[in-house]
Amino acid sequence: MSQTEVVDSLAEHGVSLTKAGLSKYERGGSVPKPRALRTLAQVLGVDTAFFLEERAVSIEWLAFRKASRLGKKQQERIKTLAFVQVAALHSLRRALEPNRQPRPMIRTVVTVPADAESAADQLRECWGLGDRPIGSVASVIEDAGGIVVESGDEEDLFDGLSGWLDDKTPVIVVSSSVSDDRKRFSLAHELGHLAMDVGEIDSAAEEKLAHRFAAAFLVTSSTARRELGERRRRLDFRELAVLKQKHGLSMQAWIYRAADLGIIDQSHARTLFAEMSARGWRRREPIAFNGHERLMRLQQLAVRALAEGVISSATAERLFPGIQEEFGAARVSFQSSMRIRRLMELPRLERELFLEQAVALVQDEYVEGGALSGFESLAEEDHHDISLEER
């Protein structure tokens, strides 16, 4: 939204603010009052706590695989939303897993496709994966200490984004609106950008090397030859469908893999692609891969932090929308998430916002017929403690 759009939306909600005033908020020159802050949060679609967090991390984005139709504003939106999720994950990991050490993320100099194969093999060996099929690429990256998040945009214009958090933690963003086999390939592709040192080459050449890395990471050359044989005159689509289900690599990627490794001739690969196009399989293959590429790390850490009182229910809901309904926990005790002493140490604005959220959560208990109205039915002796001896 432009400043004009934000100011106009605030006016529709009864808050008068000039563009100069909004600019001062953005620069940190002044702090909005609670009502203005709540309305800003409503207009911009975020929680009020979002504005109170310190941005203590930085991400250097390296590669962005997208369609040419994805505009600059949409690209920045994907990066911004990804940054918020990455920062939240990083903060939760520091709080809950302070002693966890990530696995090493080796980088290999790559100049030709054979080097990309070697880089994928070395990373698999470093992470102890052997040559067996990978159940979840996302889990492999997360278990190694990397951060994986999803972009919720429904448009099929974005595949992957990768970079480094504070120059040491790999970060990968993938689309949530694509099939699991495509998501797996995108994860491995972006991992290739981080694991390969390609030097100064053009982007098209780098993309080809990342494609080769991804295919080799998902299916090693030894595995491909074991599945297909050393040399084939032709491949059958039914065979490729079975291999797709087993390894999570698309039928088309298997054709590329076989051609790259010299198992089939390039001419046969072109014939197979032409037949897939004629059958309408290039956009949607005849069989889907039922994989397990579910990004659960943020949800897991948010639930754990909520249970241990590290974050409030409002913060958990912002990090993972729907978490309260999904787990049947509509409310979390404020006593467990905010002690009185810590509450008094907060800045006045943050303290006021927290108390307003607390009031909103419990106000229904005080209305007529609410849970607290039953106190009047207690007898006098019910208001006194019972001694241990009496029990």
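Spacing of the modelled spin labels on Leu129 and Asp202, each 7 Å from Cα toward Cβ, amounts to 3.0 nm. Computed from label points 7 Å out along Cα-Cβ, the spacing between Val242 and Gln122 is 3.6 nm. The ratio of the alpha-carbon radius of gyration of segment 211-320 to the globular-protein estimate 2.2 N^0.38 Å is 1.54. For segment 59-278, a Kirkwood radius taken over Cα pairs fed into Stokes-Einstein (37 °C, viscosity 0.692 mPa s) yields D = 180 µm²/s. Note on Thr18 and Arg234: their simple-model spin labels are 7.8 nm apart, each label 7 Å out from Cα toward Cβ.
Of Pro32, His90, Ser16, which is farthest along the charge dipole of segment 1-106 in the positive direction, counting Lys and Arg as +1 and Asp and Glu as -1 at C-beta? Positive-most Cα among the choices belongs to His90. In plain terms, the chain from Thr4 to Ile106 could stretch by 32.0 nm, reckoned as 0.36 nm per residue minus the Cα-Cα distance. Taking N as the number of residues in segment 2-77, what is its Cα Rg relative to 2.2 N^0.38 Å? Here the answer is 1.34, to two decimals. The mean of 1/r over all distinct Cα pairs in segment 3-45, once inverted, gives the Kirkwood hydrodynamic radius of 10.2 Å.
Pairs exceeding a 30 Å alpha-carbon distance, out of Lys33/Lys72; Lys73/Lys246; Lys66/Lys168; Lys73/Lys244; Lys168/Lys244: Lys33/Lys72; Lys73/Lys246; Lys73/Lys244; Lys168/Lys244. Once C-alpha pairs closer than 8 Å and six or more residues apart are averaged by separation and normalised to the residue number of segment 59-278, the relative contact order reads 23 percent.
Values quoted throughout were computed directly from the atomic coordinates according to the rules given, and no laboratory measurement underlies them. In this text, all values refer to a predicted model and were calculated from it rather than measured experimentally. Note: ideal-geometry Cβ built from the backbone for every residue, glycine included; neighbour counts use all protein chains shown.
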